[in-house]
Amino acid sequence: MNTKSIEYIDKLSREHTLSLEEYTYLIQHQDAAIQEYCAHKASRVARSIYGKDIFVRGLIEFSNICKNDCLYCGIRKSSPCSRYRLDKEDILACCQEGYELGFRTFVLQSGEDGYFTDERLCDIVSNIHQSYPDCAITLSVGQRSKESYQKLFEAGANRYLLRHETANPQHYQKLHPKAMHFEDRMQCIQDLRDIGYDVGIGMMVGSPFQTEKDLAMDCKFIETFRPEMCGIGPFIPSHQTPFKDYPAGSVETTLFLLSIIRLIQPNILLPATTALGTLDPKGREKGVLAGANVVMPNLSPVSVRRKYQLYDNKICIGDESGQCRHCLERRMESIQYHVVTDIGQIRPWKEGDEYESK
Ligand code: SF4
């Protein structure tokens, strides 16, 4: 085995930090043995904090209408895909079904759809909050003003997912149209943190033009920002986008990054994403064995699932919510993990905990 890589992984386990050069080296020199070594350490760390519990989030994709034109996204403004928008009653019905199935976190996700003004979205959020006070409400609705984030927070949303996409401003510009700016994205992420949300960031692995150094910059950003959540998945091309001919990202590198992120921040909430399961039939199980501790079954009505295709061949678009949940339960049981009915809060961890020996 590459002794330098082993040395860096051991150092990361102990100190939770590496230099940009060390991260770059690790990513450049990964092989199956190193990936396995890192996954073993990462899954042990995750188990010491979360046991064999896997948190579930009920994902409600409530609108695929978006004013933006991100070059990698299947529902971008220029995409000819068929559009839909759920109304408040539809969304509340999804929550009710989800609650009965044991979900205690709802993730409301959409494109940047101007129809959902602060007033409309706050109304939906406060309705969910009043109906299910024991549940967390996560929003994933893109960039908005700080005032808007504040109103939504006061209405009852307490978590927010906004992938940073890449920590390299030059790379960001290659993935987005000129009208979108890296600095604005970062400002939104900081605003969310300042307001008091639990913040989820994340990136695609293997996106066009991405280098190993870009991924190392992502690791440094995670190290310094310390998000509560981090969603990463392999890039998968969509035929509706300018990136349709680019190759998909690597499952192995995504799994390796999951392990690295777990070692950077032992208690982070780390989903084994649908994109992983799309590229590999056992992708989500492998994600958990690499250090992930969250899965996100789909609660959206089956009638609209097919229309929320950020990338091609997305899985789970035909299953009812209950089927999705039970399928994931079985998958987790198959690797001796258990989906739990729990709000799924980040658990405390502090430097110096003897986590590895537990
Ligand atoms: S990635 Fe998000 S903001 Fe960009 S086009 Fe897709 S839905 Fe819109």
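The values are calculated or read from the model by the stated rules, or taken from the named source; none is laboratory data. Keep in mind that what you see is a predicted model, and the values were worked out from it rather than measured. For neighbour counting, all protein chains shown are included, and Cβ atoms are generated from backbone atoms with ideal geometry for every residue, glycine included. These accessible areas exclude ligands, DNA and RNA; they are computed on the full protein's heavy atoms, side chains included. Shrake-Rupley method; radii C 1.70, N 1.55, O 1.52, S 1.80 Å.
For region 202-358, a/c is not less than 1.5, where a ≥ b ≥ c are the root eigenvalues of the C-alpha gyration tensor, and a/b does not top b/c. That puts it in the oblate class.
Measuring gaps between exposed loop sites in the chain (GluC sites (Glu not before Pro); DSSP loop; at most 10 other Cβ atoms within 10 Å), the longest gap, sites not included, is 1-350.
What shape does region 29-153 take by its C-alpha gyration tensor, where a ≥ b ≥ c are the square roots of the eigenvalues and a/c under 1.5 counts as rounded, a/b above b/c as prolate, and the rest as oblate? Each step should come with its number before you reach the end.
Values: a/c = 2.26, a/b = 1.40, b/c = 1.62.
Oblate shape, in that a/c is at least 1.5 and b/c is the bigger or equal ratio.
Over the chain, dividing the summed -39,500 (n - 2.57) contributions of all DSSP H runs of at least 4 residues by the number of residues returns a 222 nm mean residue ellipticity of -13500 deg cm²/dmol.
Pair-distance distribution P(r) for the chain, from all Cα-Cα distances in 10 Å bins starting at 0: 5, 26, 37, 25, 7, 0 percent. In the chain, the portion of solvent-accessible area held by carbon and sulfur atoms comes to 50 percent [1.4 Å probe, whole percent, DNA, RNA and ligands not counted].
For the pair Thr341 and Glu100 in one chain, pulling the backbone fully straight at 0.36 nm per residue adds 85.7 nm over the alpha carbon distance. For region 59-107, the Cα gyration tensor yields ellipsoid semi-axes of 27, 12, 7 Å (square root of five times each eigenvalue, largest first, whole Å). Between helix 118-131 and the chain there is an angle of about 80 degrees, using the helix long axis and the longest principal axis of the Cα atoms. Of the trypsin sites (Lys or Arg not before Pro) found in region 144-218, those that fall in a DSSP loop while having at most 12 other beta-carbon atoms within 10 Å are Lys178. Between helix 212-225 and the chain there is an angle of about 70 degrees, using the helix long axis and the longest principal axis of the Cα atoms.
Placing pseudo-labels 7 Å out from each Cα toward the beta carbon at Glu119 and Ser78 gives an inter-label distance of 3.4 nm. Which FRET efficiency value, to the nearest 0.05, is calculated for Lys178 and Lys282 with the Förster distance at 56 angstrom and r the Cβ-Cβ distance? My answer for the efficiency is 0.90. Take the chain with all the other protein chains still there, run a 1.4 Å probe, and you get 40 Å² of accessible area per residue. Projecting the Cα atoms of Asn127, Ala93, Tyr115 onto the dipole axis of region 88-186, where Lys and Arg carry +1 and Asp and Glu carry -1 at the beta carbon, places Tyr115 farthest toward the positive end.
Cα axis of helix 146-155 to longest principal axis of the chain: angle in degrees, 0 to 90, nearest 10? The helix 146-155 is inclined about 80 degrees to the chain. About its Cα centre, the dipole of region 208-358 is roughly 400 debye, where the only charges are +1 on Lys and Arg Cβ and -1 on Asp and Glu Cβ.
Please grab the % of Cα pairs in region 1-76 that end up more than 19 Å from each other. The calculated P(r) of region 1-76 puts 58 percent of pairs beyond 19 Å. Relative to the Cα centre, the charge distribution of the chain, modelled as +1 at Lys and Arg Cβ and -1 at Asp and Glu Cβ, gives a dipole magnitude of about 460 debye. Among the chymotrypsin sites (Phe, Trp or Tyr not before Pro) in region 140-248, none is located in a DSSP loop while being surrounded by at most 13 other Cβ atoms within 10 Å of its own Cβ. Using alpha carbons only, how many angstrom separate the centre of region 192-234 from the centre of region 34-71? After rounding, the separation between the Cα centres reads 12 Å. Annotation for Phe209 and Lys67: the two label points, set 7 Å from Cα along the Cα-Cβ direction, are 2.4 nm apart.
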